[in-house]
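Written below as structure tokens is the structure these notes are about.
The values are calculated or read from the model by the stated rules, or taken from the named source; none is laboratory data. Source: prediction; values computed, not measured. Here Cβ is always computed from backbone atoms with ideal geometry, including for glycine, and neighbour counts include all displayed protein chains.
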């Protein structure tokens, strides 16, 4: 077999789009250099042998298939694949067969592609040059099948990743449609979040209960992707159901206790937990009553741009939701002076903002907020986002961050 014939064989393989095409090209090429009655390519799937393609006289194929029962065929296949070498078989005086394994292997694994069955013409024996040519063709075909298999795996993974990304963006959009109330009359608010990021477990919910009462939830589901979307959907559904139950929705500790019971009952065996902050804002009285389940304390920017934290009395936060069925959640009321703003952030944002170089400086973010106190909410959000993005040591390219900026107008 000449170099030009091998080159032509390789070019045909390059045009193949699947394993069957490669097997068909191989059989056709072998039929040109071997004296055969027919050739078959057989693979093993789910412990069953399957003829992928054949080349030769159909009548001969049918006649020979009747010679081999399933048990015999499987034994021959397993022997050839295991030994990784040719096997010869002669039935009667004239029926000669050669079984050639197609496999590929590296230091980590062995990839079994199948077996070529050659039904030789009477008394034919391969010479040394023909044997070498067959070995070359088999090796090239095996490598092509391996490459095809790897490309198929990569393409399948890419398609799966694209599907997951699309579904998570849809989950993100559904969350936003469930959580934000653009009809809020008594509360000004602005959101800093990663619009294009995959669903990351950050969620917020804001609703008017009546002209003076505004309900706000901020939470972080401690997982990501599809599980985070499922848990977040559950929480948002519960909040939309509670908003019309004043006996619960106006009591932050009861809201967190209700969510804790539900999350503990449903997700207790998954290890999924939720950090949450829930507040009831009274616009007329300029007060907020709130409760905290292991969520970062909100920042209060006073009328003189001084920054402090809204903390639970005694600074004793409740446990994360879903951890303990008997968790107790305290609530505290606080007055909000005229001209003040509230900034509620997820832990991820605070950690990214507080990391400056190799140091962790918790005063960095409050100092930034002091400089932004005179800006409007939308200007605060834009400036804050720019500052965080420029803080390259502390902020990743696609951070999982969320901040809710609130103000009750005078």
Please enumerate the residues belonging to the stretch 291-322 that are more than 32 Å from the chain's Cα centre (by Cα) and assigned to a loop (DSSP other than H, G, I, E, B). 302, 303, 304, 305, 306, 310, 311, 312, 316, 317
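Looking only at the stretch 66-112, how many residues end up being assigned to a loop (DSSP other than H, G, I, E, B) and under 17 Å from residue 42 (Cβ atoms)? Talk me through it step by step, then tell me what you get.
Initial filter on the stretch 66-112 (assigned to a loop (DSSP other than H, G, I, E, B)): 66-69, 84-86, 92-94, 106-109.
If we keep only those that are under 17 Å from residue 42 (Cβ atoms) as well, we get 66-69, 84-86.
Total meeting the criteria: 7.
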Only one residue in 233, 262, 284 is farther than 21 Å from residue 348 by Cβ and in a helix (DSSP H, G or I), so which one is that? 262
For residue 236, which of the numbered conditions (1) touching a residue at least 60 places away in the same chain (Cβ under 8 Å); (2) surrounded by 18 or more Cβ atoms within 10 Å (Cβ to Cβ); (3) out of contact with any helix residue (DSSP H, G or I) (no Cβ under 7 Å at 6 or more places or on another chain); (4) farther than 30 Å from residue 368 by Cα fails to hold? (3)
Just name the residue that is farthest from residue 333 (Cα to Cα) out of those in the stretch 255-269 that are buried (at least 17 other Cβ atoms within 10 Å of the Cβ) and touching a residue at least 24 places away in the same chain (Cβ under 8 Å). 267
Log entry, pairs with first residue in the stretch 6-19 being without any contact (Cβ under 8 Å) to a residue 60 or more places away in the chain, second being assigned to a helix (DSSP H, G or I) and surrounded by 14 or more Cβ atoms within 10 Å (Cβ to Cβ), beta carbons closer than 7 Å, six or more apart or on different chains, reads 12/25
Just one of 165, 169, 147 is part of a helix (DSSP H, G or I) and modelled with pLDDT of 80 or more; which is it? 147
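Listed here are the residues, each with its yes/no results for (1) assigned by TED's automatic domain parsing to the domain that holds residue 33; (2) in contact (Cβ under 8 Å) with a residue 40 or more places away in the chain; (3) more than 46 Å from the chain's Cα centre (by Cα).
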{"site": "85", "(1), (2), (3)": "yes, no, no"}
{"site": "94", "(1), (2), (3)": "yes, no, yes"}
{"site": "103", "(1), (2), (3)": "yes, no, no"}
{"site": "115", "(1), (2), (3)": "yes, yes, no"}
{"site": "137", "(1), (2), (3)": "yes, yes, no"}
{"site": "145", "(1), (2), (3)": "yes, yes, no"}
{"site": "151", "(1), (2), (3)": "yes, no, no"}
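Conditions (1) at positive phi; (2) in a strand (DSSP E or B); (3) buried (at least 21 other Cβ atoms within 10 Å of the Cβ), marked per residue:
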| residue | (1), (2), (3) |
| --- | --- |
| 21 | no, no, no |
| 24 | no, no, no |
| 28 | no, no, no |
| 32 | no, no, no |
| 40 | no, yes, yes |
| 44 | no, yes, no |
| 50 | no, yes, no |
| 54 | no, yes, no |
| 59 | no, no, no |
Can we say residue 325 is in contact (Cβ under 8 Å) with a residue 24 or more places away in the chain and not in a loop (DSSP other than H, G, I, E, B)? no
